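Novice: One structure follows; several queries about it will come next.
Any read-out appearing in this document is the output of simple, stated calculations on the displayed coordinates, not a laboratory observation. A quick note: this is a predicted structure, and the numbers were derived from the prediction, not measured. Positions of Cβ are backbone-derived with ideal geometry, glycine not excepted, and every protein chain shown enters the neighbour counts.
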Amino acid sequence: MVLGALAFGGLGVSAADAAYMYDLEPVTVTATRVEEKVGKVPASVSVVTAEQIQQKNIRTLTEAIGQLPGVYNGRPQGMSDVGSGIQVRGFGESNVLVLYDGIPINNGYDGGANWSTVSINDVQKIELLRGAASSLYGGRAVGGVVNIVSKNPDKTGGRVYAEYGSNKTWRRGVSASYKVDDKWSFGVGYENRRTDGYKKKLTYTKKGKSKTPSGTVGTGFEATENYAGVPIYVLGYPGKGASKDNTYNFKLKYNFSDNKSMIYRYTHDNYKYFAKGPVSFIHDADGHQLFEGSVLLPDGKYYNFDESDFTDYYGRRKSDVHAFTYRDDDHKILFNAGLTNIKDSGYSTGSDFAGKGPGSDARYPSKSYKADFQKTWEFGRNTLVGGFDIQRDSMIYTKRKLAHWHDWNSGTSRTLQVGGKNLVMAAFVQDKYQFNDQWGMYAGLRFDHYKKYDGFFKGVDHKKYTEVTEEDKDYNELSPKLAFEYKPDDASTYYISYGHSFKAPSLYQLYRHDPSYGYVANPGLDPETTNTFEIGAKKTFDRTQVNFDVYHAKTKDMIIASAKDAEGHRKYINEDEATRDGMELEVRHQFNDALSAYANYAWERAHDKEGKRLYSIPQHVFHAGVEYQKPEWNAYLEAQYISSRNARDEVAHRLYSEDAVYTINLGANYQFAKGATIGFAINNLLDRDYWAWQYADGRTYTVKLSYEF
């Protein structure tokens, strides 16, 4: 109702407000490695700006891209989520390249993206390229590329901000930059994110296990069933999924001239996640919660439980990202180099709430070194981009016993260690040829040489470690791409494209060797390959932008876990295929200089080589929103619908189900003084209850305050 009143009250807007009009055609560099208007490139691209991020209740990178076409955000725990839940056109995070100032933040362990690494306050813009991009970016760029561009310290100023909301959720920080002179400038930033979170798991059993109780007998279990329809008896839950996160960044820039510069960026992130406030449904005769005792189940047997039934992961991730960029616009040269160092990543488990008892720990740090050089030439009707890059990943996975499971430095013995490395060297070239004012062609080719080496396994055999060096292997991959575009006028672009892309097996898939857990290594894995065909159209009607595309992507040599062998072991193999057919429709309309609206819909049907639907990929994803923006304040209302990912025989609204999602968010911000803004937001306005494997949050409230200087 508020937005409706604003719409009718704001139809007469002065020309001075035109600067606040939503830009229907922002600039992208991700699609072709050359700066071009989004509406003019033969690819499906979206851009999220820093202004849009600040106007909404966005705390994480995944929330920033979650409303874009073709994106499914399956991370219901928000800031406390460490799962790989982002999909782009049905491809998971290991098939989507995520760049931060040119340096990948996909980890070297399993290829998942470490989204908490980047403070959302440090983002200048995010570009999302959907579709095959291996011809320019190599492996992982199968479903698309997420390119995060941080803010440059080009001027003196800063921002202080604080947000507080439901579940004792905080986001607060400060950033500042200083321009020393025409040559030097630098910037610093700090952000703290923390939340008590909300219930995400259940403590349950499928049956009783003893004829006699082991302690106080309580009552109060809840009888239900899980997503597979199997009866379960819920005893409580381990608590809320809480997290603490501190992110620091530093930047130093030097300008050789107006068109030539270099900049060094450093980001440090220290992230922890844990359960807080366990709850037991089992009570004694006086109504006190029982975390140790027995309960009689309907099968006539007792389930004897203790604190270990209510504990959860105690996890951490500590990472550094170093990024160096040299840019020479006069000679059209760009060079990026850096390191993503996941210095510590893992989790421990134990059996007592205090964390002082013994437990076990899994640790999987990784490193990724990257260097990327490109140069652009323009001659006649040709725009040629060429270059090379090199990347090396390494990881070590260690399992240990701990004397105190909340103390990661209390290791008593190592039970297993696995590790390995890979090296990718590549060269690429792309030619944009303009036949005439209407017709153009993009032809690209990339050659990747991939080598995996130094794989090892160290296990325990009669208290002695043995080492087995795994097979080294290398291979070459050519990734071509061809696109034709037709622009009959300045307001229309039509295109057709073909792209070949690939994803090298992760070091985790290659070298995972844990026979006691049922897995053995397979260093002979080959890359997955995908061929994508796409047809698209982009049309501007005065203040309306319409984008439409259809695509067909077929993946071969898909990596899956094998069936168990005679010894009960599995391994990753190139055994499956997947076909994804889909369409995306996006409409944005600017009613006037203040009021705009958008809607996007993605349909996709994915199936394996036997024609069975891949239910983990939602078939329908719909987003829509209305945005009102004036110089002093803004407001928004947005909604999303995501269809169920449950298979036909699975039960909705149960433990580990993947339910349909329909939520509405709204918010507003008001600038009450120069540089000072106050705001509020309500997420999941209708208080929808659903599972996305884990339990999702209900209605939440946020208030925020910021000051820019």
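Novice: Asp328 to Val160: FRET efficiency via 1/(1 + (r/R0)^6), r the Cβ-Cβ distance, R0 35 Å, to the nearest 0.05? Provide the component values of the computation, followed by the final result.
Specialist: On the way: r = 35 Å, r/R0 = 1.01.
That gives a FRET efficiency of 0.50.
Novice: Could you tell me the distance between the Cα centroids of region 412-426 and region 347-403, to the nearest Å?
Specialist: 11
Novice: Sticking with this structure for a sec: Can you tell me how much longer the chain between Ala561 and Val230 gets when fully stretched, taken as 0.36 nm per residue apart minus their C-alpha distance, in nm with one decimal?
Specialist: Stretched out fully, the Ala561 to Val230 stretch lengthens by 116.7 nm.
Novice: Still on this model: If you average the sequence gap of Cα pairs under 8 Å that are 6 or more apart and divide by the length of region 624-709, what percent do you get for the contact order?
Specialist: On the way: 185 pairs, mean separation 21.3, N = 86.
Relative contact order of region 624-709: 25 percent.
Novice: Continuing with this model, one more query. Starting from the 7 Å offset along Cα-to-Cβ, what nm value, one decimal, do you get for the label separation of Ala285 and Ala537?
Specialist: 7.7
Novice: May I pose another question? Going by the alpha-carbon gyration tensor, a ≥ b ≥ c the square roots of its eigenvalues, is region 103-249 rounded (a/c under 1.5) or, if a/c is not under 1.5, prolate (a/b greater than b/c) versus oblate?
Specialist: oblate
Novice: Highest mean first, what order results for 94-100, 408-414 on Cβ atoms within 10 Å? Walk me through the intermediate numbers first.
Specialist: On the way: 94-100: 26.0, 408-414: 13.7.
Order by mean packing, descending: 94-100, 408-414.
Novice: Over region 398-522, what is the mean sequence separation of C-alpha contacts under 8 Å (at least six apart), divided by residue count, expressed as relative contact order in percent?
Specialist: 20
Novice: If you don't mind, another one. Hey, how many Å between the Cα centroid of region 290-337 and the Cα centroid of region 562-605?
Specialist: First find each Cα centre; the distance between them is then 24 Å.
Novice: Relative to the present Cα-Cα distance, how much length would full extension add between Ile390 and Asp320 at 0.36 nm per residue of separation?
Specialist: 23.3 nm
Novice: List the residues, sorted by chain then number, that are 5 or more residues from Trp633 or on another chain and whose placed amide H is less than 5 Å from its amide H.
Specialist: Close amide H contacts, sequence-distant or interchain: Gln671.
Novice: So which aspartates and glutamates pass the test for Lys556, namely a Cα distance under 12 Å, with those fewer than 8 places away in the same chain ruled out?
Specialist: Qualifying aspartates and glutamates at Cα under 12 Å: Asp526, Glu528, Glu575, Asp576, Glu577, Asp608.
Novice: Starting from the Cα of Tyr641, move 7 Å in the Cα-to-Cβ direction to define the label point; list residues of region 673-709 whose amide nitrogen is under 20 Å from there.
Specialist: 684-692
Novice: For region 611-685, state which trypsin sites (Lys or Arg not before Pro) are in a DSSP loop and have at most 15 other beta carbons lying within 10 Å of their beta carbon.
Specialist: Qualifying residues, ordered by number: Lys612, Arg648, Lys674.
Novice: Further, regarding this structure: Using the Karplus curve 6.51 cos²θ - 1.76 cosθ + 1.60 with θ = phi - 60°, work out ³J(HN,Hα) for each residue of region 391-408 in order, rounded to whole Hz, and write x for Gly and Pro.
Specialist: Karplus-based 3J(HN,Hα) across region 391-408 equals 9, 10, 10, 8, 8, 9, 10, 10, 10, 9, 9, 10, 6, 9, 6, 8, 10, 6 Hz.
Novice: If you average 1/r over every pair of different alpha-carbon atoms in region 655-700 and take one over that average, what Kirkwood value in Å do you get?
Specialist: Working: mean 1/r = 0.0804 Å⁻¹.
It works out to 12.4 Å.
Novice: Find the percent of Cα-Cα distances in the chain that exceed 34 Å, and round it to a whole number.
Specialist: The proportion of pairs with Cα distances above 34 Å equals 50 percent.
Novice: Would you list, by chain and number, the lysines whose Cα falls below 16 Å from the Cα of Lys183, excluding same-chain residues fewer than 8 positions away?
Specialist: Lys155, Lys251, Lys253, Lys260
Novice: Next up: Among Gly208, Ser94, Gly444, whose Cα projects farthest towards the positive end of the dipole of the chain, with charges put on the beta-carbon of Lys, Arg (+1) and Asp, Glu (-1)?
Specialist: Gly208
Novice: Report, for the chain, the % of DSSP beta bridges that are antiparallel, rounded to 5.
Specialist: Bridges in the chain are about 95 percent antiparallel.
Novice: Let me have the relative contact order for the chain, percent, based on Cα pairs under 8 Å that are six or more residues apart. Numbers along the way, then the final one.
Specialist: On the way: 2100 pairs, mean separation 86.6, N = 709.
About 12 percent, as a whole number.
Novice: Between Asn382, Asn107, Gly675, whose Cα lies farthest towards the positive end of the dipole of the chain when Lys and Arg beta carbons carry +1 and Asp and Glu beta carbons carry -1, centred on the Cα centre?
Specialist: Asn107
Novice: For region 71-161, report the % of Cα-Cα distances exceeding 19 Å.
Specialist: Values: 1732 of 4095 pairs.
Roughly 42 percent, rounded to a whole number.
Novice: Using only Cα atoms, locate the centre of region 182-234 and the centre of region 27-41, then give the distance between them in Å, rounded to an integer.
Specialist: 44
Novice: Using a simple charge model, +1 on the beta-carbon of Lys and Arg, -1 on the beta-carbon of Asp and Glu, nothing else, what dipole does region 359-486 show about its Cα centre, in debye to the nearest 20? The partial results should precede the final answer.
Specialist: On the way: 20 positive and 18 negative charges, 136 e Å.
Value, rounded to 20: 660 debye.
Novice: Quick check on the chain: helices-only [θ] at 222 nm, where DSSP H runs of length 4 and up contribute -39,500 (n - 2.57) each and the sum goes over total residues. Nearest 500, please. Write down the numbers at each step before the final one.
Specialist: Working: 5 runs with 28 residues, N = 709.
Dividing the helical sum by the residues of the chain leaves -1000 deg cm²/dmol.
Novice: Are any of the pairs Lys151/Lys421; Lys56/Lys343; Lys199/Lys356 more than 27 Å apart by Cα-Cα distance, and if so, which? Please list the in-between numbers first.
Specialist: On the way: Lys151/Lys421 33 Å; Lys56/Lys343 32 Å; Lys199/Lys356 24 Å.
Violating the 27 Å Cα-Cα cut-off are Lys151/Lys421; Lys56/Lys343.
Novice: Still on this model: Which distance in nm do the two modelled labels at Ser360 and His449 give, with both placed 7 Å along the Cα-to-Cβ direction?
Specialist: So the label points at Ser360 and His449 sit 4.2 nm apart.
Novice: Sticking with this one: Stretched out fully, how many nm does the piece from Phe256 to Tyr178 gain, at 0.36 nm a residue minus the Cα gap? Before the final figure, lay out each step's value.
Specialist: Numbers: separation 78, 0.36 × 78 = 28.08 nm, distance 1.74 nm.
Contour length minus Cα-Cα distance gives 26.3 nm.
Novice: Of the options Pro69, Thr156, Leu686, report the single residue whose Cα projects farthest towards the positive end of the charge dipole of the chain (beta-carbon charges: Lys, Arg +1; Asp, Glu -1).
Specialist: Looking along the dipole axis, the top candidate is Thr156.
Novice: Give the peptides 392-400, 70-78 in descending order of average Cβ contacts within 10 Å, highest first.
Specialist: Values: 392-400: 21.0, 70-78: 23.7.
Descending mean neighbour count gives 70-78, 392-400.
Novice: Continuing with this model, one more query. Please get the size of the charge dipole for the chain, origin at its Cα centre, with Cβ charges of +1 on Lys and Arg and -1 on Asp and Glu, quoted in debye to the nearest 20.
Specialist: Numbers: 88 positive and 88 negative charges, 268 e Å.
Computed about the Cα centre, the dipole is about 1280 debye.
Novice: Taking the Cβ-Cβ separation of Glu35 and Ala491 as r and a Förster radius of 30 Å, what is the calculated FRET efficiency to the nearest 0.05?
Specialist: Computed FRET efficiency for Glu35 and Ala491: 0.90.
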